[in-house]
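Below is one structure; the comments refer to it alone.
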Amino acid sequence: MSVVSNLLKSVKNHLPLVCLSTTKFEKINGAGDMASFQLSTVAYQSSSFRRLPVSRFAYPSIRCANERQLLFNRIAPVYDNLNDLLSLGQHRIWKRMAVSWTGARMGDCVLDLCCGSGDLAFLLSEKVGSNGKVTGLDFSKEQLLMASTRQNLLSNACFKNIEWVEGDATDLPFPDCYFDAITMGYGLRNVVDRQKAMQEMIRVLKPGSKASVLDFNKSTQPFVASFQEWMIDNVVVPVATAYGLAKEYEYLIGSIRKYLTGKELEELALEAGFSTAKHYEISGGLMGNLVATR
């Protein structure tokens, strides 16, 4: 319980420094049936504020579980802080591993599916450099707003190569054989149709390219599975409660139980058409990463 107490005490010191206050959408010319919007945001930090540059988003229709989409919209303002607290910063290591497994190189065109607030997209941006291109796609408008805000607040010049798109992981708005690599962090578990999402990944990947899918591991070891559930009940939910988000995080145990084991994920990838698929257990089996080659 001392670990939980220390985490709860630290919550007040980790409240978000940046929050979005006003959002303005203006319709501009788009192509086909895809509506495009111009997004203007004002970010506040401490008592001062500055207007951020305009970011462009594309908005196709999204097919997803509406309640899950609303959930991620609600947790967006504190998502990064909770990730740091709940994983004790370890999620940053796991994400670097996921990016490394893609084999992304300088100048590549890469995609981060279910990008959330942008952690993997920013790591990919550093991998591909200023001459490369990163697209971050998510179904949560609020998560994308946070990602865009972070992009404009961070000083790394190569982050200018990132474009944020609101969209559906099961119906990607990109042409065939378009990307050199794909990452997906904590997203496949929440997708309505996992098989369709895998098929879309292979469709937009170039031949020989890889997809790297990071998520909670559905362990077949009873001890690991029990410890994982204990952590969620006794650490994750209590800390989330301090943010007023207990119900939003209680869904984790159920979603992990309904998820696929490493072996099942490998089979799913192969059935979708990937030539090879290997699932790696990391962090003592609490997390897992699927690496699939087109």
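The values are calculated or read from the model by the stated rules, or taken from the named source; none is laboratory data. Bear in mind that the values here come from a model prediction, so they are computed numbers and not experimental data. Please note: Cβ atoms are built from the backbone with ideal geometry, for glycine as well, and neighbour counts cover all protein chains shown. All accessible areas refer to the heavy atoms of the entire protein, side chains included, with ligands and DNA or RNA removed. Shrake-Rupley method; radii C 1.70, N 1.55, O 1.52, S 1.80 Å.
Would you confirm whether any residue within region 251-258 is within 18 Å of the chain's Cα centre (by Cα) and of a type in the set (Lys, Arg)? No - not one qualifying residue is present in region 251-258.
Quick check on Glu267: is it among the acidic types (Asp, Glu) and out of contact with any helix residue (DSSP H, G or I) (no Cβ under 7 Å at 6 or more places or on another chain)? When the stated conditions are applied, Glu267 passes them.
For region 214-247, the candidate set comprises residues that are open to solvent by 10 Å² or more (accessible area, probe 1.4 Å) and among the β-branched types (Val, Ile, Thr); within that set, the residue that is nearest to the chain's Cα centre (by Cα) is Val236.
Restricting attention to region 137-170, which residues are of a type in the set (Val, Ile, Thr) and touching a Lys or Arg at 6+ places or on another chain (Cβ under 7 Å)? Hit for region 137-170 is Thr170, nothing else. When region 246-267 is limited to residues that are outside any helix (DSSP H, G or I) and hydroxyl-bearing (Ser, Thr, Tyr), the one that is modelled with the highest pLDDT turns out to be Thr261. Counting only helices (runs of 4 or more DSSP H) that fall entirely inside region 104-208 and contain at least 2 residues that are closer than 19 Å to Asn289 by Cβ, the qualifying elements are 119-128, 194-204. For region 273-291, a residue qualifies if it is farther than 21 Å from Gln90 by Cβ and open to solvent by less than 20 Å² (accessible area, probe 1.4 Å), and exactly one does: Phe274. Every listed requirement among (1) of a type in the set (A, V, I, L, M); (2) in contact (Cβ under 8 Å) with a residue 40 or more places away in the chain; (3) open to solvent by 10 Å² or more (accessible area, probe 1.4 Å) is met by Leu188 save one, (3).
Which one is most open to solvent (accessible area, probe 1.4 Å) among residues in region 98-153 that are among the hydroxyl-bearing types (Ser, Thr, Tyr) and modelled with pLDDT under 95? Of everything passing the filter in region 98-153, Ser130 is most open to solvent (accessible area, probe 1.4 Å).
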